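Visitor: So that we are looking at the same thing, I have put the structure below in structure tokens.
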Amino acid sequence: SNPAVSKVVPDQVIQLAPAQTSGTSATGPAMAPHHTTSFAEQASTTGPRPILFDSISPAGDPDIGSTAGTSASASFSANPISQGLWSIAPVEVGPFGTAPGPSEPVTTSMQVTTNAFDPAVSSFTGDLWLASGDHTQLAKFNPVIVQPGQTASIPVTITPSGASGATVNGTLYVDDANFILYEVFAQPNGNEVAALPYSYTVK
């Protein structure tokens, strides 16, 4: 289990951790946290061939198609969007004749609209969903293993900042964490188990 937190503020747009790939076909995954309601994706190349891409959810459905060109884009909205790794798989637009397409660099990016994270709240477990914007957070992810029929405690620390008298309201989410196998890839994911409202006033 791991706690994930969000403030009660309007949903924010966050830039997911970027991936850069090259070749005639490549995949750059980006992780969408839970409570995501929309995303926008881009792929661009400085190579000679136009590109397009598919974006596939962690379970393979939906499969979103992009525009085509030296800069391609796609977007999707749902409430909620499936959390977890979404692939961005650029390919060159043919035809190529009898010769293969040339290798060219591709840079991908993804932004999502999702709940805001409360940086004042922390736990020794880390937070899987923080890795959506910073891959280094995966090294800090340390979930508690709870055996069947057993219980566990997860201490949470709130280190408030801001103006004295300010009130912060949010929800502490407790999620499970798992790896799902899609095709040949093991992907980190999680499911919401509990949602605990919290409120504090900065002194």
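The values are calculated or read from the model by the stated rules, or taken from the named source; none is laboratory data. Please read all numbers here as calculations on a predicted model, not as lab measurements. Using ideal geometry, Cβ is built from the backbone for each residue, glycine included, and neighbour counts are taken over all protein chains shown.
Visitor: For GLY101, which of the numbered conditions (1) at pLDDT below 85; (2) in a strand (DSSP E or B) fails to hold?
Guide: Unmet condition: (2).
Visitor: Looking at (1) surrounded by 15 or more Cβ atoms within 10 Å (Cβ to Cβ); (2) closer than 14 Å to SER122 by Cα, can you tell me which one SER161 breaks?
Guide: Condition (1) is where SER161 drops out.
Visitor: Given TYR200, TYR173, which one is outside any loop (DSSP other than H, G, I, E, B), over 24 Å from the mean Cα position of the chain (by Cα) and of a type in the set (Phe, Trp, Tyr)?
Guide: TYR200
Visitor: Another question about this same structure. Take the residues in segment 111-158 that are surrounded by fewer than 18 Cβ atoms within 10 Å (Cβ to Cβ) and among the charged types (D, E, K, R), then tell me which one is farthest from PRO33 (Cα to Cα).
Guide: LYS140
Visitor: Also, I was wondering about something else. What's the total number of residues in segment 83-110 that are out of contact with any Lys or Arg (no Cβ under 7 Å at 6 or more places or on another chain), surrounded by 17 or more Cβ atoms within 10 Å (Cβ to Cβ) and of a type outside the set (Val, Ile, Thr)?
Guide: Total satisfying the criteria: 9.
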